[in-house]
Amino acid sequence: MPNESRDEESSIPADRMRGLYANYFQVGHNACEILIDFGQAYADTDQEYFHTRIVTSPAYAKELLRVLQEALMEYEKQHGEIPYPGD
């Protein structure tokens, strides 16, 4: 489909990309996989809501960590230090 708009770094058409907000995370693992659950939690409720689970290999989880660290370092260079939630 030559006329579809695409995200610059993805082969997924931009109109098919879905963004979900997450402020609550759980991480688990077994011998072969790392499981990362993304969700939402708010101070006025005791309930967390998980909406997405990413399952990946330990090697790709390590790469995700590296990419996130790099992005956060660049963000802080441009916008200042990021406080931890609750600080």
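The values are calculated or read from the model by the stated rules, or taken from the named source; none is laboratory data. Only a predicted model underlies this, so the values are computations on that prediction, with no experimental measurement involved. Every residue, glycine among them, receives a Cβ derived from its backbone with ideal geometry; neighbour counts consider all protein chains shown.
Couple of notes before you dig in:
- Of the residues ILE34, ILE54, the single one that is in contact with a helix residue (DSSP H, G or I) (Cβ under 6 Å, 6 or more places away or on another chain) and free of Cβ contacts under 8 Å to residues at least 40 places away in the same chain is ILE34.
- If only residues of the stretch 31-63 that are of a type in the set (D, E, K, R) and surrounded by 11 or more Cβ atoms within 10 Å (Cβ to Cβ) are counted, the one that is nearest to PRO85 (Cα to Cα) is GLU48.
- Among residues of the stretch 1-23 that are loosely packed, with under 10 Cβ neighbours inside 10 Å, those with a Cβ under 6 angstrom from a residue that is at pLDDT 90 or above and not hydroxyl-bearing (Ser, Thr, Tyr), sequence gap 6+ or separate chain, pair up as LEU20/HIS51.
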